[in-house]
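The values are calculated or read from the model by the stated rules, or taken from the named source; none is laboratory data. Since this is a predicted model, take the numbers as computed values, not measurements. Here the Cβ positions follow ideal geometry from the backbone for every residue, glycine too, while neighbour counts run over all protein chains shown. Note: areas computed on protein heavy atoms with side chains; ligands, DNA, RNA excluded. Shrake-Rupley method; radii C 1.70, N 1.55, O 1.52, S 1.80 Å.
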Amino acid sequence: MCPGRVICKLLCSGEKEVDLAVQSAKDAFKVWSQMSGMERSRVLLEAARIIREQREEIATLETINNGKSIFEARVDIDISWQCLEYYAGLAGSLAGEHIQLPGGSFGYTRREPLGVCVGIGAWNYPFQIACWKSAPALACGNAMVFKPSPFTPVSVVRLAEIFTEAGVPKGLFNVVQGGVATGQFLCHHPDVAKISFTGSVPTGIKIMEMAAKGIKPVTLELGGKSPLIIFSDCALENAVNGALMANFLSQGEVCCNGTRVFVERKILDAFTKEVVKRTQKIKVGDPLLEDTRMGALINRPHLDRVQGFIKQAKEQGAQVLCGGDLYVPDDPKLKNGYYMRPCVLGNCKDDMTCVKEEIFGPVMSILPFDTEEEVVERANNTKFGLAGGVFTRDIQKAHRVVAALKAGMCFINNYNMSPVELPFGGYKASGFGRENGRAAIEYYSQLKTVCVEMGDVESVF
């Protein structure tokens, strides 16, 4: 593992290459969409089997691709094959409704695929996001052209190879490489039926504008600044574990992270002391080593951006309780890596930039609160609404608070659990549409209504 060095070079797909990919997917769609759900299910199950068998190889590729620890990459790969298995299970059961009408007439609905769907992925979970988007799309009978982030272009190509090995028609899942221009060609292409994007709010706005010109449906999974609420009646050790999970997975580069940690004042000191102690023990370094728990950030500009947030936080009065500084591993091969120590900020206020803006790095902001009503109001005082979490032994309070949170994914006494059976997506500026669960089927298919008259037509003319 040699961070900071070039591992490969890929050509960006221009307008010609994008058109070829879309046309190839369009041809494959004609075949795939006519297959039964059970036939599609068998192919998806075979792809899941290949991923499961090649788990270690793919996880290693993902670690080199992204910089996250091999420990986490394995979890990502497990979630990926589970996602394919889940939608393979749904593929054979997709159905419409039969509605009885007067006089023996009836109507029915058909659930039909959209056509060629575009997936645009983010760099924090490259392989997993590609599976989250492609599994429901293919289960519904669609084709997909996928563009990974230019920062993590490698592992999705392996997924395309796996789909081919599993037996999908040639071109059904195509990968194009590139940045903004490639994404624009995809969004404007007349033969693209739907766009699913994971990434930043500004880019999501632009994609929605481009899609609007072609009246294309979009799924947007955007940023977050999610609240994690720790009540004094919580199990403290469990709450500390939850706060670490909510802030430091994948070097903090997780859109749904609970980075605004609201702690009831009665336990503020005890909680903070334990969180700092545990954070200081997190091993940073070579992500391919088994005991590493935090690898490298994605690139130098992003590392500098995260460092800038910490500098600004100190200028605005926040206190760095631990971490926040650059980390240089002892191994000389790693000296150019984009490492930093995980950071905990105390003395935070709601109006600080570190509390309002998405940092997308290993930075936790701790804020005290006194009452349930107060903390719910403060938790919702954000343009984002992706996730939220509550730690308490009072189950009635837990359900009451999550019901009041304006967020699409809420956690009670845990955090950052994303089973593929449950829908994932946000409110407000965090986007709309859903990944995962049965809900995703709605966003990768369309309903056709058929009305059948069994008698003579009565004319009003």
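For the range 318-327, check the following and say yes or no: at least one residue is more than 22 Å from W123 (Cα to Cα), in a strand (DSSP E or B), of a type in the set (A, V, I, L, M) and not assigned by the TED database to the domain that holds R74.
yes
With the range 83-198 as the region, which strands (runs of 3 or more DSSP E) entirely inside it contain at least 2 residues that are within 19 Å of A48 (Cα to Cα)?
143-147, 173-175
Could you check how many residues of the range 351-371 are within 14 Å of V263 (Cβ to Cβ) and touching a residue at least 12 places away in the same chain (Cβ under 8 Å)?
So the answer is 8.
Consider V275 carefully, then state whether it is open to solvent by less than 10 Å² (accessible area, probe 1.4 Å) and more than 20 Å from V6 (Cα to Cα).
Yes, satisfied.
Would you confirm, using the coordinates I've provided, whether G426 is under 18 Å from the mean Cα position of the chain (by Cα) and part of a loop (DSSP other than H, G, I, E, B)? Outline the logic, then answer.
Numbers: under 18 Å from the mean Cα position of the chain (by Cα): yes; part of a loop (DSSP other than H, G, I, E, B): yes.
Considered against the rule, which asks whether it is under 18 Å from the mean Cα position of the chain (by Cα) and part of a loop (DSSP other than H, G, I, E, B), G426 comes out as yes.
Which of (1) in contact with a strand residue (DSSP E or B) (Cβ under 7 Å, 6 or more places away or on another chain); (2) closer than 27 Å to M294 by Cα is the odd one out, the single condition Q82 does not satisfy?
(1)
Residues that are of a type in the set (G, A, S) and more than 18 Å from the chain's Cα centre (by Cα): does the range 432-441 have at least one?
So far as the range 432-441 goes, no, none of its residues is of a type in the set (G, A, S) and more than 18 Å from the chain's Cα centre (by Cα).
If I go through the range 279-315 residue by residue, how many of them are assigned to a helix (DSSP H, G or I), surrounded by 18 or more Cβ atoms within 10 Å (Cβ to Cβ) and touching a helix residue (DSSP H, G or I) at 6+ places or on another chain (Cβ under 6 Å)?
2
I'm checking my understanding of the structure. Among residues of the range 316-325 that are touching a strand residue (DSSP E or B) at 6+ places or on another chain (Cβ under 7 Å) and closer than 16 Å to L367 by Cα, which one is most open to solvent (accessible area, probe 1.4 Å)?
Q319
Of the residues A243, A235, which is open to solvent by less than 10 Å² (accessible area, probe 1.4 Å), within 30 Å of D394 (Cβ to Cβ), in the same structural domain as V363 (by the TED database) and of a type in the set (A, V, I, L, M)?
Exactly one of A243, A235 is open to solvent by less than 10 Å² (accessible area, probe 1.4 Å), within 30 Å of D394 (Cβ to Cβ), in the same structural domain as V363 (by the TED database) and of a type in the set (A, V, I, L, M), namely A243.
When you scan the range 378-398, how many residues do you find that are within 26 Å of the chain's Cα centre (by Cα) and under 21 Å from R265 (Cα atoms)?
The number of residues fulfilling the criteria is 9.
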